[in-house]
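The values are calculated or read from the model by the stated rules, or taken from the named source; none is laboratory data. All of these numbers come straight from a predicted model, not from anything done at the bench. Every residue, glycine as well, gets a Cβ built from its backbone with ideal geometry; the counts of neighbours run over all protein chains shown. SASA here: full protein model, heavy atoms, side chains in, ligands and nucleic acids out. Shrake-Rupley method; radii C 1.70, N 1.55, O 1.52, S 1.80 Å.
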Amino acid sequence: MTRYFGQDMVDSSSNRFYYYSYPSRGESEHFHFPIRDLAAAWDATKALDFSFSAQTDCGIHNLRALQYQLADATRATVEFYCESPNPVVLSKIDGGTCLNEDVLREEATIGHSALLLLAWSGASRLGIFLPDEPIPIDSLTKGILAMQLESGAFGCTFKNPNEYLKGIEFFPGEAMLALMHVYDLSRDTKTSHSLDTAVKESILPAMERAFKFYSRHYEENELDVNYNIWQAQAFAKYYDAISDSSSAHKDAVSKYVLDLCHGICQSKSWKYQLARGSSFYVNLETIEIGCGLDALVEGMRIAQALQDDHTVTKFRIQASNAARFVAWVQDQVPQDSLVGHGGLGYGGIQVLEQRLDVTGHGLSAMNKLHKW
């Protein structure tokens with residue numbers, strides 16, 4: 001997947017990511033999808049992290065050149081979307097910004113801000129961005145915090161901050177995950193990146209309010225599995241931050257994360273198809289398995305921290321099934337193809353097109369499993 005990201009999906013003429021690849025045509029293609037473009041930059045930092053931590057060449061010819069290409073594309077993407085951020089006109093938190101809609105060419109959401117923050121934090125840990133560079137981290141973080149309503153929910157679009165249901169499966173989870181990554185980076189003694197003290201001190205209380213809303217919303221509503229995927233990742237990071245504290249609700253947070261992951265395992269694709277082995281692979285949608293695995297590994301980690309051996313074993317079996325499926329999908333495109341080997345598409349056996357976001361979730365999951 002690292003080779004696919006760096007060799008097949010970076011346009012060397014612009015240092016920007018492609019979105020689609022077509023193995024049968026031997027071509028990769030751009031597509032205007034800003035939030036997934038930013039997600040690609042974040043995923044590229046995970047590919048780089050894996051390539052550095054694996055302590056091998058990962059079977060990639062000229063690995064160092066590929067690492068430079070991924071780093072350059074990540075920087076170019078973040079810098080492109082940081083152009084002229086717009087002020088968030090909300091009185092609750094002064095100085096908040098969102099991304100410029102003239103640059104986005106679509107309505108600005110907390111998801112856009114979140115993915116930029118995630119890409120920046122991943123890149124900063126790798127030294128791609130230095131502390132004194134003019135990336136508006138404080139103001140983008142303030143912009144997300146300013147969108148939290150009294151209920152604890154986050155408004156999803158900056159033009160209509162009271163609209164909390166639009167994109168609820170994705171945007172709030174992405175935003176909360178970004179808040180926690182920025183919070184973690186500001187506390188990391190190995191880096192020199194700082195966050196405004198008032199902003200940093202606002203994050204955990206905001207997460208506590210959000211937990212009360214989103215956990216209740218999960219209990220009371222039938223929701224798309226994408227809700228589970230992003231919420232599990234966000235609140236796993238939140239649990240990490242409060243697990244050693246006297247927080248009264250840390251047990252409830254860990255239970256929520258595990259419940260979300262159990263929900264992923266109970267979805268039709270995971271329970272009735274993936275678990276029945278390779279004869280059912282042709283019926284599976286790669287996107288649901290790759291994205292679900294990205295979250296499930298977080299559930300494994302939390303269950304292990306709780307010494308819940310039964311849940312660890314259950315999740316590990318499911319994760320192993322998913323990893324085998326992902327490897328099978330990758331093998332549907334031969335190694336000698338012009339593009340596409342190592343990438344993931346939307347469906348199973350018919351690899352008509354591949355998408356960088358689906359591959360990114362798979363890559364993220366495999367990187368987590370490598371470290372686990």
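Restricting attention to the stretch 159-213, the residues that are among the β-branched types (Val, Ile, Thr) and not in a helix (DSSP H, G or I) total 3.
Yes/no matrix, rows are residues, columns are (1) in contact with an Asp or Glu (Cβ under 6 Å, 6 or more places away or on another chain); (2) closer than 21 Å to Glu201 by Cα; (3) not in a helix (DSSP H, G or I):
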| residue | (1), (2), (3) |
| --- | --- |
| Gly95 | no, yes, yes |
| Glu107 | no, no, yes |
| Ala114 | yes, yes, no |
| Leu130 | no, no, yes |
| Ile144 | no, yes, no |
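One line per residue, one yes/no per condition, for (1) buried (at least 17 other Cβ atoms within 10 Å of the Cβ); (2) among the hydroxyl-bearing types (Ser, Thr, Tyr); (3) farther than 15 Å from Tyr256 by Cα; (4) without any contact (Cβ under 8 Å) to a residue 12 or more places away in the chain:
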{"residue": "Arg276", "(1), (2), (3), (4)": "no, no, yes, yes"}
{"residue": "Val282", "(1), (2), (3), (4)": "no, no, yes, no"}
{"residue": "Glu288", "(1), (2), (3), (4)": "yes, no, yes, no"}
{"residue": "Gly292", "(1), (2), (3), (4)": "yes, no, yes, no"}
{"residue": "Ala295", "(1), (2), (3), (4)": "yes, no, no, no"}
{"residue": "Glu298", "(1), (2), (3), (4)": "yes, no, no, no"}
{"residue": "Ala305", "(1), (2), (3), (4)": "no, no, no, no"}
{"residue": "Val312", "(1), (2), (3), (4)": "yes, no, yes, no"}
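As for the stretch 235-249, it holds no residue that is modelled with pLDDT of 95 or more, in contact with a Leu (Cβ under 7 Å, 6 or more places away or on another chain), assigned to a helix (DSSP H, G or I) and under 15 Å from His361 (Cβ atoms). Annotation note: Cβ proximity below 7 Å between a residue of the stretch 241-267 that is in contact (Cβ under 8 Å) with a residue 24 or more places away in the chain and a residue that is outside any helix (DSSP H, G or I) and open to solvent by 50 Å² or more (accessible area, probe 1.4 Å) (sequence gap 6+ or interchain) occurs for Ser254/Leu306.
When the residues of the stretch 195-218 are filtered to those that are over 20 Å from Ala248 (Cβ atoms) and of a type in the set (A, V, I, L, M), the one that is least open to solvent (accessible area, probe 1.4 Å) is Val199.
Yes or no, residue by residue, for (1) among the hydrophobic types (A, V, I, L, M, F, W, C); (2) at pLDDT below 90:
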site: Val282; (1), (2): yes, yes
site: Gly299; (1), (2): no, no
site: Ala303; (1), (2): yes, no
site: Thr311; (1), (2): no, no
site: Gln318; (1), (2): no, no
site: Ala327; (1), (2): yes, no
site: Gln335; (1), (2): no, yes
site: Leu338; (1), (2): yes, no
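Which residue is modelled with the highest pLDDT, if the candidates are limited to the stretch 50-74 and must be outside any helix (DSSP H, G or I) and under 19 Å from Gly342 (Cα atoms)? The selected residue is Asn62. Total residues in the stretch 13-27 satisfying the condition of being polar (S, T, N, Q), at pLDDT 90 or above and open to solvent by 30 Å² or more (accessible area, probe 1.4 Å): the figure is 3.
Would a scan of the stretch 21-28 turn up a residue that is in contact (Cβ under 8 Å) with a residue 12 or more places away in the chain and within 20 Å of Phe129 (Cβ to Cβ)? For the stretch 21-28, residues in contact (Cβ under 8 Å) with a residue 12 or more places away in the chain and within 20 Å of Phe129 (Cβ to Cβ): absent.
Could you look through the stretch 116-174, keep only residues that are among the aliphatic types (A, V, I, L, M) and open to solvent by 60 Å² or more (accessible area, probe 1.4 Å), and pick out the one that is farthest from Ser194 (Cα to Cα)? Among those that are among the aliphatic types (A, V, I, L, M) and open to solvent by 60 Å² or more (accessible area, probe 1.4 Å), it is Leu165.
In the set (1) open to solvent by less than 20 Å² (accessible area, probe 1.4 Å); (2) over 21 Å from the mean Cα position of the chain (by Cα), Glu222 fails one condition alone, (1). Can we say Glu133 is without any contact (Cβ under 8 Å) to a residue 12 or more places away in the chain and farther than 15 Å from Leu185 by Cβ? Answer is no for this residue.
With respect to the conditions (1) under 21 Å from Thr45 (Cβ atoms); (2) outside any loop (DSSP other than H, G, I, E, B), Pro134 lacks only one, and its number is (2).
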